[in-house]
Amino acid sequence: MYQLAGKRILLGVTGGIAAYKSAVLLRLLRNHGADVRVVMTHGAMEFVTPLTFQALSGKPVHTELLDLEAESAMGHIELARWADLVLIAPTSANVMAKIANGVADDLLSTLCLATDVPLMLAPAMNQQMWLNSVTQENLEKLKNRGLGILGPAEGEQACGENGPGRMLEAEEIALLTAKSFETNILTGSRVLVTAGPTREAIDPVRYISNRSSGKMGYAVALAAMEAGAQVSLVSGPVNLSEPERINVTKVNSAVEMHSAVMQQICNADIFISAAAVADYSLESIARQKIKKSDDSLQLKLKKNPDILSDVSAMQNAPFSVGFAAETENLEANAQSKLHAKKLDMIAANQVGDEQGFDADTNALTVYWKTGQKQLQQAPKTRLARNLINLIADQYNAKNTNKTH
Ligand code: C5P
């Protein structure tokens, strides 16, 4: 379930005997790398205590909509924005009805209205309640709105009856949750991504670098893989763990990154250059540690190769996507890079004032020849998925045009 790594899942627990299974579900999601926060309804707290979920999630459990202390720690709107997915397991008939009809009278139902991320429900209720035409109407409404409905299973129920309404087992819910992150929009394509900073050595112990954390590039690589692509990543030095199923080449300098990219580029259909490559490196690297002697020290720099420009200038160049981190004139600079570097697409973001580099969230404006799209402030993982959707749209459109 590699798709769960780094995913932010808001687990809603509602009032039903199946609530105890959610404790197992929470552990499974976390074991597979998901970051989980739990929201419980008052009904759920009649069955399981918040302490259980707090101990298992390692995070405070959210139960109240209008609680000053809780709101100041992480308010309901923040919680709604934080999540990549809202999963409600078990979902009672009551909560299904509330979500189907837009009722927002407690924390969980309000969150469901306030979020724009996918919602998945694992219903659990007595079979008569499930078969009731009102519940079935609500189910249709929810399905038509595109919500994911997991189960329910059929079988013996806690109330002694037999029929549909049992919550799916935790393992099955975790698996379906993981699968929901797969889109297949890039199935069959090969994607090469660069990420992180480069380090340009000054002497054996010093270097010039920048504040890039690699988070955006790694998130893009992961999102491309979840979209079905075969992904390779050329990474500068970062403090991130290597994603499973992605072929990672580690480099230090811009020149090393350039040669690693050039070696792999003929196997790529799409090149996404998210690395913050140093523009300059030392003309000569001192062999020994430079001694502190004079009052000032001059370093002579030479221009590094522009990896992205070299790729996009190739005959049969892959679909090339650049990033533009700008402190001013975002649109003008991004548009001129799009043309100057002959790119298919560029993702521009404002940096500086603690924005952009090293943060977990970001906002992007994406430009291509015939359009542009604003991707609102969001966790980099979600932003990366939205960016991959845009890239896939434009890449698939370009390929369709070529074949016609
Ligand atoms: O020209 P500028 O450095 O602002 O362009 C940014 C884009 O170019 C990014 O996508 C970055 O990864 C790429 N780049 C590169 N090689 C360089 C400098 C930038 O691939 N030497």
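Enumerate the pairs (first residue in segment 271-291 and among the aromatic types (Phe, Trp, Tyr); second residue anywhere and assigned to a loop (DSSP other than H, G, I, E, B) and within 7 Å of the ligand (Cβ to nearest atom)) with beta-carbon separation below 7 Å, excluding pairs fewer than 6 apart on the same chain, so at least 6 apart or on different chains.
Close Cβ pairs satisfying both conditions: TYR280/ASN304.
Can you name the number of the only condition in (1) in contact with a helix residue (DSSP H, G or I) (Cβ under 7 Å, 6 or more places away or on another chain); (2) of a type in the set (A, V, I, L, M, F, W, C); (3) in contact (Cβ under 8 Å) with a residue 40 or more places away in the chain that ALA324 fails?
ALA324 satisfies all of (1) in contact with a helix residue (DSSP H, G or I) (Cβ under 7 Å, 6 or more places away or on another chain); (2) of a type in the set (A, V, I, L, M, F, W, C); (3) in contact (Cβ under 8 Å) with a residue 40 or more places away in the chain except (3).
Rundown of residues vs (1) within 14 Å of the ligand (Cβ to nearest atom); (2) farther than 21 Å from LEU343 by Cβ; (3) surrounded by fewer than 16 Cβ atoms within 10 Å (Cβ to Cβ); (4) modelled with pLDDT under 95, yes/no style:
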position	(1), (2), (3), (4)
VAL231	no, no, no, no
GLY236	yes, no, no, no
ASN239	no, yes, yes, no
SER253	yes, yes, no, no
HIS258	yes, no, no, no
ALA276	yes, no, no, no
ARG287	no, yes, yes, no
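Look through segment 300-312, keep the residues that are hydrophobic (A, V, I, L, M, F, W, C) and either in contact with a strand residue (DSSP E or B) (Cβ under 6 Å, 6 or more places away or on another chain) or outside the structural domain of VAL238 (by TED's automatic domain parsing) (or both), and return whichever of them is farthest from the ligand (Cβ to nearest atom). Walk me through it before giving the result.
Narrowing segment 300-312 to residues hydrophobic (A, V, I, L, M, F, W, C): 301, 307-308, 311.
Narrowing the set further to residues that are either in contact with a strand residue (DSSP E or B) (Cβ under 6 Å, 6 or more places away or on another chain) or outside the structural domain of VAL238 (by TED's automatic domain parsing) (or both) leaves 301, 308, 311.
Values: LEU301: 13, LEU308: 3, VAL311: 8 Å.
Within segment 300-312, the match that is farthest from the ligand (Cβ to nearest atom) is LEU301.
Does segment 114-127 include one or more residues that are assigned by TED's automatic domain parsing to the domain that holds LEU25, over 30 Å from ASN386 (Cβ atoms), crowded, with 21+ Cβ neighbours inside 10 Å and touching a helix residue (DSSP H, G or I) at 6+ places or on another chain (Cβ under 6 Å)? Show your work before the answer.
Just the residues of segment 114-127 that are assigned by TED's automatic domain parsing to the domain that holds LEU25, to begin with: 114-127.
Subsequent filtering for residues that are over 30 Å from ASN386 (Cβ atoms) retains 124-127.
Narrowing further to those that are crowded, with 21+ Cβ neighbours inside 10 Å: 124-125.
Retained after the next criterion (residues that are touching a helix residue (DSSP H, G or I) at 6+ places or on another chain (Cβ under 6 Å)): 125.
Within segment 114-127, one or more residues are assigned by TED's automatic domain parsing to the domain that holds LEU25, over 30 Å from ASN386 (Cβ atoms), crowded, with 21+ Cβ neighbours inside 10 Å and touching a helix residue (DSSP H, G or I) at 6+ places or on another chain (Cβ under 6 Å).
Do you know which of the residues in segment 360-376 that are of a type in the set (Val, Ile, Thr) and touching a strand residue (DSSP E or B) at 6+ places or on another chain (Cβ under 6 Å) is nearest to SER320 (Cα to Cα)? Lay out the reasoning, then the answer.
As a first pass, look at segment 360-376 and keep what is of a type in the set (Val, Ile, Thr): 361, 365-366, 370.
Filter once more, so that each one left must be touching a strand residue (DSSP E or B) at 6+ places or on another chain (Cβ under 6 Å): 361, 365-366.
Working: THR361: 24, THR365: 16, VAL366: 13 Å.
For segment 360-376, the residue satisfying everything is VAL366.
Would you point out the residue of segment 323-342, among those that are more than 10 Å from the ligand (Cβ to nearest atom) and not aliphatic (A, V, I, L, M), that is surrounded by the fewest Cβ atoms within 10 Å (Cβ to Cβ)? Quick ask: steps written out before the conclusion?
From segment 323-342, those more than 10 Å from the ligand (Cβ to nearest atom) are 327-332, 335, 338-339, 342; that's our starting set.
With the extra rule that they be not aliphatic (A, V, I, L, M), the set shrinks to 327-329, 331, 335, 339, 342.
Details: THR327: 12, GLU328: 8, ASN329: 10, GLU331: 13, GLN335: 16, HIS339: 10, LYS342: 14.
This residue is GLU328.
Within segment 15-38, take every residue that is touching a helix residue (DSSP H, G or I) at 6+ places or on another chain (Cβ under 8 Å) and not in a helix (DSSP H, G or I) and give me the one that is nearest to GLY165 (Cα to Cα).
Step one: list which residues in segment 15-38 are touching a helix residue (DSSP H, G or I) at 6+ places or on another chain (Cβ under 8 Å), which gives 15-16, 19, 21-30, 32-34, 36-38.
Subset that is not in a helix (DSSP H, G or I): 15-16, 32-34, 36-38.
Numbers: GLY15: 14, GLY16: 11, HIS32: 27, GLY33: 29, ALA34: 27, VAL36: 25, ARG37: 25, VAL38: 23 Å.
So the residue we want is GLY16.
GLN315 versus (1) out of contact with any Lys or Arg (no Cβ under 9 Å at 6 or more places or on another chain); (2) closer than 30 Å to LYS373 by Cβ; (3) within 12 Å of the ligand (Cβ to nearest atom): which is the lone unmet condition?
(3) is the only condition that GLN315 fails.
The values are calculated or read from the model by the stated rules, or taken from the named source; none is laboratory data. As the structure is a prediction and not an experimental result, all values here were calculated from the model. Every residue, glycine among them, receives a Cβ derived from its backbone with ideal geometry; neighbour counts consider all protein chains shown.
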